[in-house]
Amino acid sequence: MKYAPETYAKAFWEVKPDPARFLDIVKKNGDLGGVKKIIAAIAGREAKAHGGHIVNVEFARAMPAEVMEKITKRFKAHDLVTVNITPSLVAGVRITIDNEKELDASLQRKLNKLWHTKS
């Protein structure tokens, strides 16, 4: 990418251009392949501006809708919550808030901890 997604997000947030025009600029710069990251950075900036947090929830496999609903209700309306399936977790959940705080209740973390304490 010619410019980082955060740079595009900052520009979008400060200028508030027409979205179609903004996409034309991204395309002109040859960064259309990273548009998902750019949109995520814009959404994250908006969440922060309204007092929210960027929350990433990772599960080892898909969860029933009832579980997903309970989890998303635990966060504020201004939080940007994304849910991802990460099979490498083996089992459990990992929650990251603002890329700073992390709750890792995955089996992979427990296995790694066990492995490193035995060595």
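No lab work stands behind these numbers, since they all come straight from the coordinates. It should be emphasised that the depicted structure is a prediction, and the values quoted were computed from it without experimental measurement. Because the Cβ atoms are built from the backbone with ideal geometry, glycine has one as well, and the counts that use them run over all protein chains shown.
Can you name the residue in segment 23-34 that is touching a residue at least 24 places away in the same chain (Cβ under 8 Å) and surrounded by 12 or more Cβ atoms within 10 Å (Cβ to Cβ) and, of all such residues, is farthest from Glu46 (Cα to Cα)?
Pass one, segment 23-34, residues touching a residue at least 24 places away in the same chain (Cβ under 8 Å): 29-31, 33-34.
Remaining after also requiring surrounded by 12 or more Cβ atoms within 10 Å (Cβ to Cβ): 29, 31, 34.
Working: Asn29: 23, Asp31: 21, Gly34: 19 Å.
Only one residue tops the list, namely Asn29.
Of the residues that make up segment 81-103, is at least one without any contact (Cβ under 8 Å) to a residue 12 or more places away in the chain, in a helix (DSSP H, G or I) and not aliphatic (A, V, I, L, M)?
So far as segment 81-103 goes, no, none of its residues is without any contact (Cβ under 8 Å) to a residue 12 or more places away in the chain, in a helix (DSSP H, G or I) and not aliphatic (A, V, I, L, M).
Listed here are the residues, each with its yes/no results for (1) farther than 22 Å from Ala4 by Cβ; (2) of a type in the set (Lys, Arg); (3) in contact with a Lys or Arg (Cβ under 7 Å, 6 or more places away or on another chain).
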{"residue": "Gly33", "(1), (2), (3)": "no, no, no"}
{"residue": "Ile39", "(1), (2), (3)": "no, no, no"}
{"residue": "Met63", "(1), (2), (3)": "yes, no, no"}
{"residue": "Met68", "(1), (2), (3)": "yes, no, no"}
{"residue": "Arg74", "(1), (2), (3)": "yes, yes, no"}
{"residue": "Asn84", "(1), (2), (3)": "no, no, no"}
{"residue": "Asp104", "(1), (2), (3)": "yes, no, yes"}
{"residue": "Lys113", "(1), (2), (3)": "yes, yes, no"}
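Inside segment 8-22, can you point out the residues that are over 18 Å from Ala47 (Cβ atoms) and surrounded by 14 or more Cβ atoms within 10 Å (Cβ to Cβ)?
Phe22
Of all residues in segment 1-30, which are in a loop (DSSP other than H, G, I, E, B) and within 27 Å of Glu100 (Cα to Cα)?
Passing the criteria: Met1, Lys2, Tyr3, Ala4.
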